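The values are calculated or read from the model by the stated rules, or taken from the named source; none is laboratory data. Since the structure is predicted, the reported quantities are computational estimates derived from the model, not experimental observations. Reconstructed Cβ throughout: ideal geometry from the backbone, glycine too, with neighbour counts over all protein chains shown.
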Amino acid sequence: MSANRKKLRNRHKDASNGPFPENTSSVSSAPEALWQEIHNAHKPEAAPIRAWTRGVAFDENARRQVFNVAGMPFVFKWLAIMPDVHAGKGATIGSVIPTRGAIIPAAVGVDIGCGMMAVRTSLTADDLPDSLKAIRSVIERAVPHGRTHGGRRNDRGAWNDVPAEVGRLWQSQLLADFQRIQERHPELGNPNHVNHLGTLGTGNHFIEMCLDESDRVWFMLHSGSRGVGNRIGTYFIELARKDMRTHLADLPDRDLAYLKEGTTHFDDYVFAVEWAQKYAMLNRSMMMERLLNAIATARLLPEFDARLEAVNCHHNYV
């Protein structure tokens with residue numbers, strides 16, 4: 001968690017050639033354009049790549065994945081890659097892949113619905129104490145975080161005793177559709193999914209106290225669909241491979257196995273992904289509610305309003 005009074009500065013450095021090898025041609029509308037359009041000289045039928053990557057270098061694995069995905073026959077119009085592009089499972093992380101008639105589960109990944117939530121408060125930098133240690137401790141007690149171990153006792157990354165408000169949220173918003181998913185795919189069943197609702201996780205997931213350019217205090221967090229999203233993603237990635245086992249030799253990467261629109265598995269995947277995205281959004285909302293209530297109750301800060309402005313959005317979704 002951090003409170004930082006420094007304003008953001010643009011450290012963007014232009015690189016006219018971009019990160020692609022010489023076997024491509026790059027065209028942009030003007031030298032100052034924010035993006036470049038890349039074409040694969042060896043596969044002219046492939047979709048063009050629009051790259052917001054001036055000044056960004058990335059490795060050969062990421063380059064290869066970008067061209068592999070652009071060459072898939074169902075990519076619609078173009079593939080877009082962002083400045084944070086880096087190698088993932090079959091497809092790069094930091095890319096937007098418009099498709100028609102197919103979805104690549106591995107490109108969506110296993111942290112389905114991962115995203116950010118931020119809430120602006122009425123607090124300013126002048127309201128903050130010199131040390132944020134006590135505030136951090138309050139947040140850590142309010143929101144389980146860290147690696148989970150299957151929901152066993154003393155599992156600090158999950159609820160040992162599910163709070164009443166978390167149980168109500170699961171029952172009212174998530175349980176019915178999850179039971180529908182589980183009926184069709186029993187392998188996805190797990191009684192511990194409710195134990196992860198309202199928890200942060202690990203890896204690059206975080207809770208942060210931060211300041212904007214006007215020194216107003218925000219609370220921000222980054223998390224997704226936790227263990228259940230991972231289970232759904234992993235399961236359908238393998239299902240796509242099984243569905244395509246006679247065609248995998250035709251794929252540039254086995255992780256680009258896809259589900260075809262009009263099939264039962266395609267429909268089931270879309271339904272499960274939409275459910276996991278809902279879980280992720282509710283997960284973030286529950287964490288934010290708990291941490292704001294905990295901070296207000298602890299009285300470590302002046303009374304504040306946290307209803308001024310809020311954002312809750314996915315960055316990993318269909």
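Among the residues of region 271-279, is any in the same structural domain as Val217 (by TED's automatic domain parsing), of a type in the set (A, V, I, L, M) and touching a strand residue (DSSP E or B) at 6+ places or on another chain (Cβ under 8 Å)? Among the residues of region 271-279, not one is in the same structural domain as Val217 (by TED's automatic domain parsing), of a type in the set (A, V, I, L, M) and touching a strand residue (DSSP E or B) at 6+ places or on another chain (Cβ under 8 Å), which makes the answer no. Within region 166-212, the set of residues being touching a residue at least 24 places away in the same chain (Cβ under 8 Å) and of a type in the set (A, V, I, L, M) comprises Val166, Leu169, Leu174, Ile181, Leu188, Val194, Leu197, Leu200, Ile207, Met209, Leu211. When Val85, Val96, Val75, Val110 are screened for being without any contact (Cβ under 8 Å) to a residue 40 or more places away in the chain and in contact with a Gly (Cβ under 6 Å, 6 or more places away or on another chain), only Val85 passes. Candidates in region 213-250 are the residues that are assigned to a helix (DSSP H, G or I) and aliphatic (A, V, I, L, M); of these, the one that is nearest to Glu187 (Cα to Cα) is Ile232.
Among the residues that make up region 120-132, is at least one of them part of a helix (DSSP H, G or I), at pLDDT 95 or above and surrounded by 13 or more Cβ atoms within 10 Å (Cβ to Cβ)? Yes, there is a match, as at least one residue in region 120-132 is part of a helix (DSSP H, G or I), at pLDDT 95 or above and surrounded by 13 or more Cβ atoms within 10 Å (Cβ to Cβ). Under the condition of being among the acidic types (Asp, Glu) and part of a helix (DSSP H, G or I), the residues counted in region 49-76 number 1. Given the criteria surrounded by fewer than 21 Cβ atoms within 10 Å (Cβ to Cβ), out of contact with any His (no Cβ under 9 Å at 6 or more places or on another chain) and not charged (D, E, K, R), does Ala276 qualify? Spelling it out, it is not the case that Ala276 is surrounded by fewer than 21 Cβ atoms within 10 Å (Cβ to Cβ), out of contact with any His (no Cβ under 9 Å at 6 or more places or on another chain) and not charged (D, E, K, R). Restricting region 189-236 to residues that are closer than 16 Å to Arg136 by Cα and among the aromatic types (Phe, Trp, Tyr), which is nearest to the chain's Cα centre (by Cα)? So, considering only residues that are closer than 16 Å to Arg136 by Cα and among the aromatic types (Phe, Trp, Tyr), the one nearest to the chain's Cα centre (by Cα) is Phe206. Here Leu239 meets each of (1) surrounded by fewer than 20 Cβ atoms within 10 Å (Cβ to Cβ); (2) without any contact (Cβ under 8 Å) to a residue 40 or more places away in the chain; (3) more than 18 Å from the chain's Cα centre (by Cα) with one exception, condition (2). The condition (being out of contact with any His (no Cβ under 6 Å at 6 or more places or on another chain), in a loop (DSSP other than H, G, I, E, B), touching a residue at least 24 places away in the same chain (Cβ under 8 Å) and aliphatic (A, V, I, L, M)) is satisfied by just one residue among Leu301, Leu292: Leu301. Within region 31-60, no residue that is on the phi > 0 side of the Ramachandran plot sits with its Cβ atom under 7 Å from a residue that is of a type outside the set (Phe, Trp, Tyr) and part of a strand (DSSP E or B) at 6+ positions apart or across chains. Name the residues in region 64-81 that are among the aliphatic types (A, V, I, L, M) and surrounded by 18 or more Cβ atoms within 10 Å (Cβ to Cβ), would you? Within region 64-81, Val66, Val69, Ala70, Met72, Val75, Leu79, Ile81 meet the criteria.
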